[in-house]
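Reading through the C-alpha cells given below for one structure.
Just so it is clear, none of the values below were taken in a lab; they were calculated from the coordinates. Fair warning: this is a prediction, and the values are worked out from it, not measured in the lab. In this analysis, Cβ positions are derived from the backbone assuming ideal geometry, glycine residues included, and neighbour counts consider all displayed protein chains.
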Amino acid sequence: MELDVHKPTILVTGGAGYIGSNAAFLLSQQGYQVVIIDNFKHGQQFYPDWARVIKCDFSDQSILDQIFTHYNVEAVMHFAGLIEVGASVRDPKIFYEENVVKVLKLLNKMQEHGIDKFVFSSSAAVYGTPTKVPIVEEHPCNPINPYGNTKYAVECMLSDFSRAYGLNFVALRYFNAAGADVENGLGERHKPETHVIPLLLEAAQSGETFSIFGNDYQTPDGTCIRDYLHVKDLASAHYKALKFLDGNKSAVFNLGTGIGASVSELVNMVTKQTGLSINVEVKKRRSGDPDRLVADPSRASTLLGWKPEYSSLETIIADAWLFYQKPDAVLYYSDQSYQQSSVF
Ligand code: UDP
C-alpha cells in the first residue's frame with residue numbers, strides 16, 4: 001500500500017497480532033496513516049488495505065531509521081512482545097531480550113528522530129497478587145513472574161525517560177483481552193493457545209475436555225475471577241490514549257470493565273452461546289493465579305473519556321464464537337525469521 005509521506009502516521013509494532021491489529025484498524029478508521037511492523041512469528045499473516053505492513057523485527061535499527069526518515073511518524077504504539085507467563089518462567093532471558101532490551105533500542109531510535117509519543121501495552125500482571133480489588137493504578141506493583149517483571153521494567157524505563165528526556169507516554173495495563181472484530185476478521189488465535197475463552201470454544205466444538213484450574217479459590221463459586229474486556233474496547237482506549245498524548249502528558253491507565261466473571265460463569269456462557277455442551281474437569285490450581293483480578297477503570301474514564309461499549313460477557317463470547325467459526329479466521333504462522341534490510 002502506498003502512503004502519503006506528509007500525512008500524520010502512527011507506527012504500530014506487533015500490528016499483525018490480536019490486539020495490535022484491532023487498534024491499528026481503528027486508527028486507520030480515524031484518519032491516521034498506519035505503518036505496521038511485525039515479525040509474523042506469532043501474528044497472523046494478513047494483507048490489510050488500510051495499512052502498510054513491513055515484516056521485520058521491531059528493534060531493527062536500519063528499518064526504524066528508514067521509516068522515521070521517510071514518514072511523518074507522530075507516535076509509536078508498541079504491541080510486539082512475548083506474552084506467555086509460563087514460558088517467561090521457563091526461559092526469562094528471551095523475555096528480557098524481547099520485552100525490555102529491544103524496547104530500549106526502539107525508544108533510543110525514536111529519540112534520535114525526535115519522536116516523543118509512545119503508547120505501551122502493559123498488563124495487570126504488574127500488580128502481582130493484589131491486596132485490594134478492584135485495583136486502582138496506585139496499587140503497589142509487585143509482579144510475581146518474569147513476564148510481569150518485564151512489563152513493569154518498561155513502565156519504569158518510560159517514567160525515567162519521561163522525566164529526563166521529555167518522552168510522553170501512556171502505559172495501558174490490560175486486564176483480560178477477549179472477543180473479536182468479526183466483521184473485519186480480527187480476532188484471537190494464539191499458538192499455543194493458553195487463554196481461557198478460545199480454549200473453551202475449542203472444547204465446545206471438539207468435544208475435548210476443558211480443565212478448570214482450581215475451584216477452591218476465595219470466590220463465590222470457587223473459580224478464579226477475571227475482568228474480560230472486548231478487544232474493540234481495548235482498541236478504542238488506544239485511540240483515546242493517542243489523543244491524550246497531544247496534551248504532552250504521560251500516564252498509566254487500567255483497562256478493564258470493573259466487573260469480574262468467574263471461570264464457571266464463562267463455561268455457562270459458552271454453553272449458552274454455542275448451544276453445545278462442554279466436558280469439564282477440575283484440575284489443580286495453576287501457579288501464580290490470584291483469586292480475583294478486577295480493574296478499577298475510573299481513571300481511564302475520567303482522563304481519557306473512555307468507556308467499554310462491547311464488553312458484556314454475552315457480546316464477548318458471541319463475537320469470539322463467530323470469529324472462531326469463520327473459515328478465513330484460520331491463521332497462518334511463519335517460523336522463518338525474516339530479515340529485511342531495505343524498505344524503500
Ligand atoms: N483458566 C482455566 N483453564 C484453562 C485456561 C485458563 O481455568 O484452560 C483460568 C485461569 O486459571 C484464569 C482464567 O482462566 O483464572 C483466565 O486465564 P487466561 O490464561 O485466559 O488469562 P490470564 O488471567 O492468566 O491472563
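Residue separation of Glu309 and Leu322 scaled by 0.36 nm, minus their Cα-Cα distance, works out to 2.9 nm of gained length. Pairs exceeding 29 Å between alpha-carbon atoms, taken from Lys105/Lys243; Lys151/Lys243; Lys151/Lys249; Lys240/Lys272; Lys102/Lys284: Lys240/Lys272; Lys102/Lys284. Here the chain carries DSSP beta bridges of which approximately 5% are antiparallel, counting only pairs with both residues inside. Taking a straight Cα-Cα cut-off under 15 Å and skipping sequence neighbours fewer than 8 places away in the same chain, the aspartates and glutamates within cross-link reach of Lys117 are Glu74, Glu155, Asp160, Asp246.
Distance from the Cα centroid of region 92-106 to that of region 30-90 is 15 Å (rounded to whole angstrom). When Rg and the Kirkwood radius Rh are both evaluated on Cα atoms of the chain, their ratio Rg/Rh stands at 0.95. With a Förster radius of 22 Å applied to the C-beta separation of Glu2 and Gln29, the computed FRET efficiency comes to 0.70.
Please compute, over every Cα-Cα pair in region 107-224, the percentage with a separation greater than 25 angstrom. Tail of P(r) above 25 Å: 44 percent of Cα pairs.
Working note: 222 nm ellipticity from helices only, DSSP H runs with n ≥ 4, each -39,500 (n - 2.57), summed and divided by the residues of the chain, gives -10500 deg cm²/dmol to the nearest 500. Extension gain for Val136-Lys283 works out to 49.8 nm (0.36 nm per residue, less the C-alpha to C-alpha distance). When you filter the trypsin sites (Lys or Arg not before Pro) in region 258-293 for DSSP loop state and at most 11 other Cβ atoms inside 10 Å of their Cβ, you are left with Lys284. Peptides 117-125, 89-97 ranked from most to least packed, by the mean per-residue count of other Cβ atoms within 10 Å: 117-125, 89-97. Relative to the dominant Cα principal axis of the chain, helix 231-245 is inclined by about 40°. Placing a pseudo-label 7 Å from each Cα along the Cα-to-Cβ vector at Gln218 and Glu84 gives an inter-label distance of 3.2 nm. Of the peptides 253-262, 181-190, 2-11, 18-27, the order by per-residue mean of other Cβ atoms within 10 Å, starting with the highest, comes out as 18-27, 253-262, 181-190, 2-11.
Simple point charges give the picture: +1 on the Cβ of Lys and Arg, -1 on the Cβ of Asp and Glu, and for the chain a dipole about the Cα centre of about 480 debye. Taking each of Lys41/Lys109; Lys132/Lys326; Lys7/Lys93 in turn, the alpha-carbon distance tops 32 angstrom for Lys132/Lys326; Lys7/Lys93.
Measure nothing but the geometry: give the 0 to 90° angle between the long axis through the Cα atoms of 18-29 and the longest principal axis through the Cα atoms of the chain, rounded to 10°. Between helix and principal axis, roughly 50 degrees. Would you mind checking the tilt of helix 263-274 against the longest principal axis of the Cα atoms of the chain, expressed as 0 to 90 degrees and rounded to 10? Once rounded, the angle reads 90 degrees.
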